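Heads up, the thing below is written out as structure tokens.
The values are calculated or read from the model by the stated rules, or taken from the named source; none is laboratory data. Since we're looking at a predicted model, the values are computed, not measured. A quick note on method: Cβ atoms are made from the backbone with ideal geometry, for glycine too, and the neighbour counts reach across all protein chains shown.
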Amino acid sequence: MSFVTVENLQKRYGDTAVFSDIAFSIAKGEFITLLGPSGCGKSTLLRCIAGLTGVSAGRILLDGQDLVPLAPQKRDIGMVFQSYALFPNMTVEQNVAFGLRMQKVATGPARERVAEVLQLVELDTFAQRYPHQLSGGQCQRVALARSLVTRPRLLLLDEPLSALDARIRKHLREQIRQIQQELGLTTLFVTHDQEEALTMSDRIFLMNKGQIVQSGDAQALYTAPVNAFAAGFIGNYNLLGSEDASRLLGRAVPRSLAIRPEAIGLLADPGGDGEITGHSLLGNVIRYRVRAQGVSLVVDVLNRSAADLYPNGQRVRLAIEPGELREVA
Amino acid sequence: MPAERTAHALYHRTVVWVLFLILLLPLAGTLLYSLATSWSATILPSGLTLKWYLALWSETRFLQAFGRSLFVCVGALVLATVLILPLLFVINYHFPRLDALMNVLILLPFAVPPVVSAVGLLQLYGSGPLAMVGTPWILMGCYFTVALPFMYRAISNNLQAIQLRDLMDAAHLLGASTLQAALLVVLPNLRKGLLVALLLSFSFLFGEFVFANLLVGTQYETLQVYLNNMRNSTGHINSALVISYFFFVLVLTWLATFLNKGKH
């Protein structure tokens with residue numbers, strides 16, 4: 001049973017379409033990620049759902065109710081912004097309580113709910129601080145608490161982790177996912193970071209040039225890209241034109257091929273047809289650049305011991321599982 | 001190296017102090033003269049007294065001029081606040097493209113020299129249905145245009161610093177109407193920028209002479225016009241007036257700087 005349904009949604013500025021014919025549905029409690037490069041229309045789509053930007057055509061149904069004619073105040077949607085958008089003149093407690101104040105919730109119950117939600121984001125001891133006295137990660141947790149306190153039907157997260165450093169980002173994404181699952185909150189998350197999308201989502205909608213090009217769970221998106229864009233955006237796929245693919249595999253390949261770097265095996269062999277042309281250590285993975293049959297490939301190998309490291313110029317034999325070859329449009 | 005650095009520091013410090021003393025000297029002279037019982041043929045005054053200040057602050061004409069200046073400046077700034085704040089909000093939130101046009105418009109009061117624009121205003125408002133020359137209202141309107149660039153720029157910078165659009169969007173999604181969001185979220189964050197702009201504009205307008213003298217003159221004598229008219233009276237009283245005026249503006253400027261420092 002779908003809780004959110006988007007039907008033929010369009011957004012145009014004059015003759016320019018930001019997105020067109022967007023359609024999807026989300027079940028209650030699902031965590032959906034809109035993933036795509038900058039300018040693909042994902043943030044505009046989120047703003048349209050929030051009511052902050054008008055739509056040109058189409059419908060947005062939330063629990064059966066059409067949101068399009070409703071003002072943002074009437075949609076019962078919570079949103080977290082990349083810039084936090086905390087009110088600088090208010091303390092953490094006042095920021096979080098703002099939505100309840102607008103709903104005219106009595107002081108006593110409002111205080112309880114604010115305390116509860118601040119505890120949920122582990123900021124209960126920061127209630128009397130002002131936003132400028134908090135770190136970026138803390139600000140984003142306050143923003144999350146502020147959007148949760150009104151118990152919205154749908155939570156929208158617009159690149160909430162983009163302005164944070166890597167360590168805090170990792171911690172916060174785990175925390176967001178945990179809270180979302182605890183509360184069973186239907187969530188739409190926007191990001192351009194594939195790692196965030198793959199680790200957090202129940203399903204991912206991959207967007208490009210105002211269209212959803214592929215949707216599915218992380219495994220499906222990662223292992224079965226439907227086209228060259230999907231293969232290029234998710235992971236570090238080797239994308240080969242049909243000519244290169246035919247030369248590499250020694251047989252006719254009618255379409256372009258996508259091969260995951262970790263799906264290619266390397267074996268040291270002085271008579272092998274491949275040659276290591278470069279390598280870089282990525283921690284637990286060694287990334288090789290290999291040239292075989294005039295085709296350049298990227299190959300990821302697990303870094304098990306120093307003995308595994310092949311020097312540049314080493315001749316190697318390539319082993320590719322036929323099942324890992326993806327034909328793409 | 002450290003010796004060279006000390007010598008450099010000493011040189012810079014000396015230059016700054018000498019400049020400071022040069023600028024302070026006329027003011028110190030005026031202050032001393034305003035406190036002197038008499039000071040004519042001697043290096044130092046013959047005695048010190050507060051009688052000139054007492055005389056000045058008990059003179060009705062001075063107090064009236066002071067009050068008129070206050071009235072005109074406060075009126076102009078109230079008008080500026082009431083008109084510019086909503087205008088800036090609308091431009092920044094709804095029509096950000098108009099900001100470029102506004103930046104040109106607010107420079108116009110500076111494009112025409114005050115004497116020239118005063119002549120134009122005299123012709124325009126000297127007679128006819130809008131005859132306002134000689135009344136405080138023309139001065140208020142004129143001061144509004146003079147204060148416009150200061151006010152507009154200060155508040156506009158403040159608005160850009162607070163990410164107006166995101167704050168408004170967040171407030172809307174939390175259930176606030178546009179008016180509630182503007183009053184509860186935006187306005188409190190503009191308070192300091194607005195106060196600084198008001199105080200600096202006030203200091204500037206309080207000392208304005210050209211428009212006051214040409215547009216209203218003695219018909220509505222403001223402080224600067226009074227000072228000009230009193231130039232032939234005793235220098236002690238004039239000195240007390242200048243020092244009083246300077247002290248008043250100094251307190252206002254200090255207040256503006258203090259509020260600006262408190263900004264986060």
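Numbers at a glance
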| read-out | value |
| --- | --- |
| Meets criteria (over 20 Å from B:THR81 (Cα atoms), assigned by TED's automatic domain parsing to the domain that holds B:LEU77, of a type in the set (Gly, Ala, Ser) and crowded, with 16+ Cβ neighbours inside 10 Å) for B:GLY134 | yes |
| Any hit, the stretch A:179-199, residues being within 24 Å of A:GLY235 (Cα to Cα) and within 14 Å of chain B (Cβ to nearest Cβ) | yes |
| Odd one out for A:PRO72, checked against (1) within 22 Å of the chain's Cα centre (by Cα); (2) at the interface with chain B (Cβ under 8 Å from one of its Cβ atoms); (3) over 16 Å from A:LEU144 (Cα atoms) | (1) |
| Test: residue in the stretch B:210-231 that is within 22 Å of the chain's Cα centre (by Cα), exposed (fewer than 15 other Cβ atoms within 10 Å of the Cβ), modelled with pLDDT of 90 or more and of a type outside the set (Lys, Arg) | yes |
| Scope the stretch B:153-170; condition facing chain A (nearest Cβ under 7 Å) and at negative phi; matching residues | B:ILE162, B:ASP166, B:LEU167, B:ASP169, B:ALA170 |
| A:PHE87 vs. criteria within 13 Å of chain B (Cβ to nearest Cβ) and modelled with pLDDT under 95 | no |
| Those residues of the stretch A:165-193 which are out of contact with any Gly (no Cβ under 7 Å at 6 or more places or on another chain), crowded, with 19+ Cβ neighbours inside 10 Å and in a helix (DSSP H, G or I), in sequence order | A:ARG169, A:ARG173, A:ILE176, A:ILE179, A:GLN180 |
| Selected residue (criterion: surrounded by the fewest Cβ atoms within 10 Å (Cβ to Cβ)) from residues of the stretch B:88-101 that are of a type in the set (A, V, I, L, M) and touching a helix residue (DSSP H, G or I) at 6+ places or on another chain (Cβ under 8 Å) | B:LEU98 |
| Filter result (free of Cβ contacts under 8 Å to residues at least 60 places away in the same chain and under 18 Å from A:LEU157 (Cα atoms)) within the stretch A:48-66 | A:CYS48, A:GLY51, A:LEU52, A:THR53, A:ILE60 |
| Options B:GLY175, B:GLY207, B:GLY217, B:GLY193; residue that is over 30 Å from A:LYS104 (Cα atoms) and within 14 Å of another protein chain (Cβ to nearest Cβ) | B:GLY193 |
| Selection status of A:PHE19, of a type in the set (Phe, Trp, Tyr) and away from chain B (no Cβ under 13 Å) | yes |
| Some residue of the stretch B:196-206 being surrounded by fewer than 20 Cβ atoms within 10 Å (Cβ to Cβ), within 15 Å of the chain's Cα centre (by Cα) and among the polar types (S, T, N, Q) | yes |
| The one condition in (1) over 30 Å from B:ASN157 (Cα atoms); (2) in contact (Cβ under 8 Å) with a residue 60 or more places away in the chain; (3) of a type outside the set (Ser, Thr, Tyr) that B:PRO45 fails to fulfil | (2) |
| Test set (1) polar (S, T, N, Q); (2) out of contact with any helix residue (DSSP H, G or I) (no Cβ under 7 Å at 6 or more places or on another chain); (3) closer than 23 Å to B:PHE211 by Cα - B:THR60 fails condition number | (3) |
| Test for A:GLU243: is it out of contact with any strand residue (DSSP E or B) (no Cβ under 9 Å at 6 or more places or on another chain) and not β-branched (Val, Ile, Thr) | yes |
| Candidates A:VAL121, A:VAL142, A:VAL92, A:VAL149, filtered to the one that is of a type in the set (Val, Ile, Thr), within 10 Å of another protein chain (Cβ to nearest Cβ) and touching a residue at least 40 places away in the same chain (Cβ under 8 Å) | A:VAL149 |
| Members of the stretch A:290-326 that are of a type in the set (D, E, K, R), touching a strand residue (DSSP E or B) at 6+ places or on another chain (Cβ under 6 Å) and under 23 Å from A:ALA224 (Cα atoms) | A:ASP300, A:ARG326 |
| Looking only at the stretch A:294-329, and only at residues there that are free of Cβ contacts under 8 Å to residues at least 60 places away in the same chain and of a type in the set (Lys, Arg), the one that is nearest to A:LEU257 (Cα to Cα) | A:ARG317 |
| Restricting the stretch A:224-277 to residues that are within 28 Å of the chain's Cα centre (by Cα) and assigned to a strand (DSSP E or B), the residue that is surrounded by the most Cβ atoms within 10 Å (Cβ to Cβ) | A:ALA258 |
| Qualifying position, being assigned to a helix (DSSP H, G or I) and over 22 Å from the mean Cα position of the chain (by Cα), among B:ARG68, B:ARG153, B:ARG165 | B:ARG165 |
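Residue by residue, here is whether (1) touching a helix residue (DSSP H, G or I) at 6+ places or on another chain (Cβ under 6 Å); (2) within 19 Å of B:ALA80 (Cα to Cα); (3) not in a loop (DSSP other than H, G, I, E, B) holds:
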site: B:PRO109; (1), (2), (3): yes, yes, yes
site: B:LEU122; (1), (2), (3): no, no, yes
site: B:SER127; (1), (2), (3): no, no, no
site: B:GLY141; (1), (2), (3): no, yes, yes
